[in-house]
1. Across segment 1-20, what is the total count of residues that are modelled with pLDDT of 85 or more, farther than 13 Å from M60 by Cβ and surrounded by fewer than 16 Cβ atoms within 10 Å (Cβ to Cβ)?
2. Need at least 3 residues that are basic (K, R) per element, so show me which strands (runs of 3 or more DSSP E) inside segment 13-71 make the cut, counting only ones lying wholly within it.
3. Do the conditions hold for T51, that is, is it loosely packed, with under 10 Cβ neighbours inside 10 Å and modelled with pLDDT of 85 or more?
4. From the set of residues in segment 60-103 that are surrounded by 10 or more Cβ atoms within 10 Å (Cβ to Cβ) and at pLDDT 75 or above, which is farthest from E41 (Cα to Cα)?
Amino acid sequence: MIKGVIVDLVYSESGWCYTINSTDTSNNKLKSGIFCGDSHEFSYGDLIYATIVNNRIKKMLLIQKKYLPHKNLDSRSLKKPIIKRFGNKKIAEVPKTEQIRFD
């Protein structure tokens with residue numbers, strides 16, 4: 001059994017081959033692997049739980065679609081800082097005359 005993220009998916013003679021990187025390696029569980037199955041069930045980036053028998057995928061369960069444990073930060077993905085402009089307030093003039101009527 002392996003719990004992990006699908007990092008590659010290709011079709012070959014032996015069926016759909018998934019490259020899975022594990023997210024849970026406690027108790028000497030598999031760290032990663034390439035396993036093939038008969039059907040195309042899930043896509044790149046999905047977090048899955050797979051049962052492996054004789055290096056073939058017997059059953060796969062979807063845990064989360066498009067799982068992103070952490071985003072890689074680079075200069076392109078960082079947002080530009082917000083520049084606050086002070087002193088650009090419009091000041092209303094004080095009225096010079098005022099009239100009040102009672103009808």
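1. 6
2. On the way: elements: 15-22, 32-37, 47-53, 56-64.
Answer list for segment 13-71: 56-64.
3. Spelling it out, it is not the case that T51 is loosely packed, with under 10 Cβ neighbours inside 10 Å and modelled with pLDDT of 85 or more.
4. The selected residue is Y67.
The values are calculated or read from the model by the stated rules, or taken from the named source; none is laboratory data. All values reported here derive from a predicted model rather than from experimental measurement. A quick note on method: Cβ atoms are made from the backbone with ideal geometry, for glycine too, and the neighbour counts reach across all protein chains shown.
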